[in-house]
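Written out below as structure tokens is the structure these notes cover.
The values are calculated or read from the model by the stated rules, or taken from the named source; none is laboratory data. All values reported here derive from a predicted model rather than from experimental measurement. Don't worry about glycine lacking a Cβ; one is built from the backbone with ideal geometry, like all the others, and counts go over all protein chains shown.
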Amino acid sequence: MHTKKIKEILSRAKREISSLDAEILLEMATGISREKLFSNPEKTLSDKVSENFFNLVEKRKNTPLAYLSQKKEFFTREFFVNKNVLIPRPETEILVEEVIKDFTGGSILEVGTGSGVISTTLKLEIPNLGIAASDISGKALRVAKKNAKNLEAEVVFFKSNLLSFFRPTLSFASFLSFATSPVAFLFNLVRNRKMEYNFEIIVANLPYVISREITGQIKEEPKIALDGGLDGFDLYRRLFKEIAGNLKKLNTKKIFCEIDPRQKNILSMEVEKYFPGAKVKFTKDLSGKIRVAKIFL
Ligand SMILES: C[S@@+](CC[C@H](N)C(=O)[O-])C[C@H]1O[C@@H](n2cnc3c(N)ncnc32)[C@H](O)[C@@H]1O
């Protein structure tokens, strides 16, 4: 039999999940703000609401909170998330900050956009920016488009396996004309005519988890958003190769990417291989670990 007083319901749930999670789930189940719930601890809730709440508590044991609440804060803005996208991480805000610091003009291409947090944030922080963002997953792109629309950020999204959109027979502009809405295409053409050949910065937070380390609750997130192969660097290795092969057409000057701290040396070696003479700078995250690599070509 479920207890029904707010304070009793909460204290029971807090034995199974964290206090903060219990409060957020109760907010979701009741539609009442946490402040109001706290100021009415003696208030009783209906059996139905109480049952919904304990169902959420049960799900929380195996499901990340963001998938239950369908939201995650990034750069102080609220983004929609679902099981088709990686839950945005706070470390990725550092990647965005670094791009903003080093941006000197031109357009930006994001590869592997997921929920669209990086490109949407960049567009909102640099309003005149021309930005395109791709992902291999159509389902992820739907989430990214929804977020950009909700937050009123104009980003051109398109589906592509890394840089496979960049075929010699098909110019990027003509590709965009049918891959995106005519409005978005017009926007790019008028506002930033050289967009297709002027991706000053390529930014990516590609999957970089070592395959055998995909364990525990991160297994709930899409494998395609996590799995970086044997050393976690498969996707970046391929991306560098593809950028190097199209460098003149892309006109890219800088590549910014989020990595695992243990990939510092692998990255430096791959940069030397594909972009001889390029300079690499690393930025640490809040726990003092290398998280962002900035490659100056
Ligand atoms: C680590 S998630 C990052 C998502 C988002 N940018 C973020 O920072 O929260 C990596 C993303 O790369 C995408 N991805 C994986 N392989 C890809 C490929 N070959 N080409 C393009 N995107 C790819 C995944 O679908 C996923 O959305």
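To keep it simple, each residue is scored yes or no on (1) closer than 26 Å to residue 286 by Cβ; (2) of a type outside the set (A, V, I, L, M); (3) assigned by TED's automatic domain parsing to the domain that holds residue 241; (4) out of contact with any Lys or Arg (no Cβ under 8 Å at 6 or more places or on another chain).
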{"residue": "68", "(1), (2), (3), (4)": "yes, no, no, no"}
{"residue": "76", "(1), (2), (3), (4)": "yes, yes, no, yes"}
{"residue": "94", "(1), (2), (3), (4)": "yes, no, yes, no"}
{"residue": "103", "(1), (2), (3), (4)": "yes, yes, yes, yes"}
{"residue": "109", "(1), (2), (3), (4)": "no, no, yes, yes"}
{"residue": "113", "(1), (2), (3), (4)": "yes, yes, yes, yes"}
{"residue": "133", "(1), (2), (3), (4)": "yes, no, yes, yes"}
{"residue": "141", "(1), (2), (3), (4)": "no, no, yes, no"}
{"residue": "153", "(1), (2), (3), (4)": "yes, no, yes, no"}
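Taking residues in region 94-118 that are over 15 Å from residue 133 (Cα atoms), and partners anywhere that are near the ligand (Cβ under 7 Å from one of its atoms) and not charged (D, E, K, R), the pairs with Cβ atoms closer than 8 Å and at least 6 places apart or on different chains are 95/118; 95/205.
If we keep just the residues of region 50-64 that are surrounded by fewer than 18 Cβ atoms within 10 Å (Cβ to Cβ) and assigned to a helix (DSSP H, G or I), which is farthest from the ligand (Cβ to nearest atom)?
51
Looking across region 215-242, just one residue is modelled with pLDDT under 95 and in a loop (DSSP other than H, G, I, E, B), and that is 215. In this structure, does residue 253 turn out to be in contact (Cβ under 8 Å) with a residue 24 or more places away in the chain and more than 16 Å from the ligand (Cβ to nearest atom)? When the stated conditions are applied, residue 253 passes them.
Among the numbered conditions (1) more than 27 Å from the chain's Cα centre (by Cα); (2) of a type in the set (Gly, Ala, Ser); (3) exposed (fewer than 13 other Cβ atoms within 10 Å of the Cβ), the only one that residue 11 does not meet is (3).
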